[in-house]
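Report on the structure given below.
The values are calculated or read from the model by the stated rules, or taken from the named source; none is laboratory data. Owing to the predicted nature of the structure, the values given are computational and were not obtained by experimental measurement. Positions of Cβ are generated from backbone atoms using ideal geometry, with glycine treated the same way; all protein chains shown enter the neighbour counts. The area values use the complete protein model at the heavy-atom level, side chains included, leaving out ligands, DNA and RNA. Shrake-Rupley method; radii C 1.70, N 1.55, O 1.52, S 1.80 Å.
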Amino acid sequence: MSYPAPFYAALHRGTPGDLAHYRRLCKGASSVLELGCGYGRVVTSLAAPNRTIVGVEPDEQMLGLARDAVAGLPEEDRSGVTLIAGDMRTLDLGRRFDRVLVPFGGLYCMLDDRDLDAALATVARHLAPGGTAGFDVYRADDFHAHAEPDDVPDDAHTPLARVTVDGTDYEVLERSTWDKPAQRIDASYLYVDEVGRTIRGVIEQRYLLQPQLEAALQRAGLELVEQRRDFGSPPEDEDDDEGLIIATVRAMGDS
């Protein structure tokens with residue numbers, strides 16, 4: 001991901017309800033591993049006395065923001081938090097956790113099957129017996145089946161939001177491009193201040209269809225325990241082509 005961390009953190013604040021969901025998922029867990037912890041949004045929400053949390057992030061600038069966020073926690077909460085630089089495709093901490101999390105679309109940052117399989121193998125490798133893992137990604141099956149990419153000009157950024165970074169106000173403009181055969185949606189963001197100075201951020205993602213996701217979990221020795229379509233809904237009784245895939249998984253054969 002090519003994106004200056006303070007600008008990413010100012011705009012990308014998660015999905016409404018996701019922190020409450022992950023707090024519920026981690027209830028009773030004494031150890032939690034978050035892969036792709038970014039600027040520490042989830043780690044700081046889950047930090048609690050007598051709980052060990054390890055946050056892993058490859059981007060050093062993001063990791064610096066996460067360290068600052070953890071430093072602002074009460075001592076009894078931050079004492080159990082460890083932040084390390086690492087890649088979810090290759091990580092091996094030599095230990096297992098009650099919960100392993102990949103929030104906020106992190107799996108879609110794996111841009112091919114090899115990287116996806118490596119990331120899910122990391123999840124399985126670090127999951128304690130009887131433990132569960134959780135992730136959320138957006139659903140792609142419906143629009144992939146029924147929509148077609150638009151021919152978007154290179155300069156066709158549209159207004160998205162206004163944010164403040166280090167005391168300076170910026171208008172944020174967004175442009176997304178879609179490569180349907182490759183299942184790639186890449187989003188570029190322009191942050192423009194009042195005198196026209198521009199900062200650019202890019203997020204590259206490869207989305208998965210439900211059968212592809214389930215097949216990847218199976219290759220990693222993982223299985224779905226439950227799936228939701230939004231953070232406020234109950235577990236699904238049937239498939240739904242809209243919203244999110246909010247999944248809880250465990251090792252196959254685990255109970």
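Name the one entry in E214, E204, E223, E242 that is free of Cβ contacts under 8 Å to residues at least 12 places away in the same chain, open to solvent by 40 Å² or more (accessible area, probe 1.4 Å) and not small (G, A, S).
E214
A quick yes/no check of all residues on (1) under 16 Å from S31 (Cβ atoms); (2) open to solvent by 70 Å² or more (accessible area, probe 1.4 Å):
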site	(1), (2)
M62	no, no
L65	no, no
E75	no, yes
G105	no, no
L120	no, no
P129	yes, yes
A140	no, no
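So, of the residues in the stretch 142-176 that are of a type in the set (A, V, I, L, M) and at pLDDT below 95, which turns out to be most open to solvent (accessible area, probe 1.4 Å)?
A145
Do we have any residue at all in the stretch 185-196 that's within 30 Å of L101 (Cβ to Cβ), surrounded by fewer than 12 Cβ atoms within 10 Å (Cβ to Cβ) and out of contact with any helix residue (DSSP H, G or I) (no Cβ under 6 Å at 6 or more places or on another chain)?
Checking the stretch 185-196: not a single residue is within 30 Å of L101 (Cβ to Cβ), surrounded by fewer than 12 Cβ atoms within 10 Å (Cβ to Cβ) and out of contact with any helix residue (DSSP H, G or I) (no Cβ under 6 Å at 6 or more places or on another chain).
So in the stretch 88-98, with the set limited to residues that are touching a Ser or Thr at 6+ places or on another chain (Cβ under 9 Å) and in a loop (DSSP other than H, G, I, E, B), which one is surrounded by the most Cβ atoms within 10 Å (Cβ to Cβ)?
Across the stretch 88-98, the extreme among qualifying residues is M88.
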